[in-house]
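What follows is one structure encoded as structure tokens, with my remarks underneath.
Bear in mind that the values in this text are calculations on the coordinates, not laboratory data. Every value quoted in this text rests on a predicted model; they were computed, and no experiment measured them. In this analysis, Cβ positions are derived from the backbone assuming ideal geometry, glycine residues included, and neighbour counts consider all displayed protein chains.
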Amino acid sequence: MHFLSRLLAFGLLVAGFVTAHGAEAPASFAVGGLNFKRPQAWGWVESTSAMRKAQLSVPAGEGKTAGEVVFFHFGPSNGGGVKANVARWLGQFDEKGEALKSKVEEVAVRGQTITFVRAQGTYQSGMPGGPKTPVPDTMLLGAIIPGAEGAVFVRFTGPSVLGAASEAAFRKMAEDAIP
């Protein structure tokens, strides 16, 4: 009986570790009919929101703020379309016009057009319609990727330095999702 109690205690310890540290991160995952490959250094985050179809964390180094990458898919309705989402993303910053340091670019990938967005400034973090927290020196990287099941919207937010260092991996992940 002593052996069984030790085995049970060990099982509970392992279960607690897995719960605290999450399940093993998938190397690839699907959102809206598109397949994404997670950059190896980026962590998998279990999303607690039905709106977020997938979520990743981008490590920033000890004592620094990590970035987050969130994937949204609203089906064939496209969640408002490209222009509306670009305007919404840019509208989440205090700065306007040239002060925002923004760029919107359409890139052809295997016969599809991905819209990439880059913005840097004071980001208003928070849920839509809820209270906002200003976060200075934040970068937003966005990708709107067309798919047979409707567009997938991918958004990175985090410190500007981390965003700049992560941009190539972000773009590759988005481009590689096009079949």
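Sites listed here are GluC sites (Glu not before Pro) in the stretch 87-179 whose DSSP assignment is loop and whose Cβ has at most 16 other Cβ atoms within 10 Å: Glu95, Glu149.
Toward the positive end of the charge dipole of the stretch 57-166, with +1 on the Cβ of Lys and Arg and -1 on the Cβ of Asp and Glu, the farthest Cα among Val135, Ser166, Val82 is that of Val82. For Lys64, the lysines whose Cα falls under 22 Å of its own Cα, not counting residues fewer than eight places away in the same chain, are Lys132. Need the list of lysines near Lys53 for cross-linking: C-alpha distance under 16 angstrom, and skip anything on the same chain fewer than eight residues off. Counting by Cα, and skipping residues close in sequence, Lys53 has these lysines nearby: Lys37.
Neighbour counting of Cβ atoms within 10 Å sorts the residues Arg110, Arg52, Arg155, fewest neighbours leading, into Arg110, Arg52, Arg155. Secondary-structure-derived ellipticity at 222 nm for the chain, considering helices only, amounts to -8500 deg cm²/dmol, per-run term -39500 (n - 2.57) for DSSP H runs with n ≥ 4.
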